[in-house]
Structure formats: structure tokens, C-alpha cells
1. For the range 36-47, what are the residues that are more than 15 Å from Asp97 (Cα to Cα) and either open to solvent by less than 30 Å² (accessible area, probe 1.4 Å) or hydroxyl-bearing (Ser, Thr, Tyr) (or both)?
2. Ser187 - would you say it is of a type in the set (S, T, N, Q) and not in a helix (DSSP H, G or I)?
3. Go over the candidates Asp118, Asp42, Asp112 one by one and state the one that is of a type in the set (Asp, Glu) and under 22 Å from Glu6 (Cβ atoms).
4. Every residue in the range 51-63 that is of a type in the set (A, V, I, L, M) and more than 16 Å from Met13 (Cβ to Cβ), please.
5. Given the options Arg210, Arg174, Arg152, name the one that is over 32 Å from the mean Cα position of the chain (by Cα) and open to solvent by 40 Å² or more (accessible area, probe 1.4 Å).
6. For the range 159-171, give me the residue count where each residue is of a type outside the set (Gly, Ala, Ser) and open to solvent by 50 Å² or more (accessible area, probe 1.4 Å).
Amino acid sequence: QLLEAEQFLVAYMELEPEDRDTGKILSNLLIGRAYTLLNDPDQRGEVKRLVEDALRFNPDEAKAFVVMGKLAHEQRSYAIAERYLDKAVGLLPEFEDARRQLATSRAALGYDCLLRKDLDGAARAWRRCLDAAPADFDGQAIREQLGLLWGRFEAQGVAQLKAGEIDAAVASFRRCLDLDPEQHWASWLLATALHRQEGSDVAEVERLCREAILW
């Protein structure tokens, strides 16, 4: 009799608004109802109302941020979804549904950035996706996309180096290393670019060369 329980608890909280323990119980009840309505597009207004009420009774209700993140994801607002879900995972790190949805939203954010030709944004979103994804998350497609991005940055840097655009080449090769720190062909490329850059750090050039040789 959850609806009746909700009515009594709401009435009680109006009389005892400082009772945080009961507020948490009511908040959890409201979010439970919101979860059951998530798959019904006609109930979006009710879901949002339930979430707002849940946060009013318990501002730290982690599952409320999961619901808000899922709603934002459905509306293709992936950056907003990531913020909500990141907060949910911070509050409840063992909640697998939150971690899985966070990875899904970060993956979608990466593709969205790619469509807008924001390659750096795509790379950052996909790296965050893989870094925090649960063990059962299938990240193979994301890893392939990161490999393609690595190749694009490498080709871009080589072309910039040949054109004498040293600073731009350095930036491109650094992107390669950010994407895959263990791929030290990029270390060699970056070392050659830095060697031609005025005022570069000689110690960094040497370190990069040693990494390339060991690799």
C-alpha cells in the first residue's frame, strides 16, 4: 500500500520537517515509485515531481540523481546526465545501475562530441567512460574509437611537423600520449617535435627518447 504510506508520511513530514530519518524513508519510497515509472514516456511529469519531492525530503538521495541522469540522457543532454550520475556514484559508489548509466552517458557524450567535430571532447568523454565503467560494460567500440582518434591525432601532428607548425605538432602528439600513455611511438614523435621547438625542456626530450627506445 505504497500510495497510502506516501500520503501518511508526507502529512507527518509537514508536522515534523526536521525528522531526517523519516525524510530518508519517504525519499526512498518516492524514488522507488519514480523508478517504476521510468519506462513509461507518458509519466515523465510524474517522475519529475517524485524526484523533486524526494530531494526536498532528503537532498542526498543518491537514486534521485540516477533518475535525473536517465531523464537527461533520454533528452540527449549527455553532459547534464553525466553531472547528475557522477554525483549519484559519488554518494553511492556500490550502486551498479548508477555506474552503468554513467558509463553509457559518457559514451554517448563522446559520440555527440565527435559529431560536432570536438575531437578533444570526445577523447575526454571516452577516457572517463572506460576509467569508471563497471566490469561488465562492453567498451570495445569505445576502445576502437579511441584508436581511430589516436591515428587522426598522429597524422595531424606529422602533417603539422612537416609544415613547420611545431607548437601545433607538439599539441597533437601530446593528445596521442593522453589517449594511450603506453604507446611510446607517440613519445618519439613528441620528442622530435620538442627537439625543434625553441625553449623546450631538454630533460623531457631525453625522457621521451628513453621511453621510445625501451618500448
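1. Within the range 36-47, Val47 is the sole residue that qualifies.
2. Details: of a type in the set (S, T, N, Q): yes; not in a helix (DSSP H, G or I): no.
Spelling it out, it is not the case that Ser187 is of a type in the set (S, T, N, Q) and not in a helix (DSSP H, G or I).
3. Values: Asp118 fails: under 22 Å from Glu6 (Cβ atoms); Asp112 fails: under 22 Å from Glu6 (Cβ atoms).
On inspection, the qualifying residue turns out to be Asp42.
4. Of the residues in the range 51-63, the ones of a type in the set (A, V, I, L, M) are 51, 54-55, 62.
Passing the criteria: Val51, Ala62.
5. Values: Arg174 fails: over 32 Å from the mean Cα position of the chain (by Cα); Arg152 fails: over 32 Å from the mean Cα position of the chain (by Cα).
From the options Arg210, Arg174, Arg152, the qualifying one is Arg210.
6. From the range 159-171, those of a type outside the set (Gly, Ala, Ser) are 160-162, 165-167, 170; that's our starting set.
Now drop any that are not open to solvent by 50 Å² or more (accessible area, probe 1.4 Å), which leaves 162, 165, 167.
The number of residues fulfilling the criteria is 3.
For (1) buried (at least 17 other Cβ atoms within 10 Å of the Cβ); (2) farther than 29 Å from Met13 by Cα; (3) out of contact with any Cys (no Cβ under 8 Å at 6 or more places or on another chain), each residue gets a yes or a no:
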site	(1), (2), (3)
Arg49	no, no, yes
Lys70	yes, no, yes
Glu74	no, yes, yes
Tyr78	yes, yes, yes
Ala108	yes, yes, yes
Leu115	no, yes, yes
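So that you can scan it fast, the table gives a plain yes or no per residue for (1) under 16 Å from Phe153 (Cβ atoms); (2) at pLDDT 95 or above:
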| site | (1), (2) |
| --- | --- |
| Ala169 | yes, yes |
| Arg175 | yes, no |
| Pro181 | yes, no |
| His184 | yes, no |
| Ser187 | yes, yes |
| Leu190 | yes, yes |
| Gln197 | no, no |
| Asp201 | no, no |
| Arg210 | no, yes |
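The values are calculated or read from the model by the stated rules, or taken from the named source; none is laboratory data. All values reported here derive from a predicted model rather than from experimental measurement. Note that each Cβ is placed from the backbone with ideal geometry, even for glycine, and that neighbours are counted across all protein chains shown. Just the protein is used for accessible areas: all its heavy atoms, side chains included, with ligands, DNA and RNA removed. Shrake-Rupley method; radii C 1.70, N 1.55, O 1.52, S 1.80 Å.
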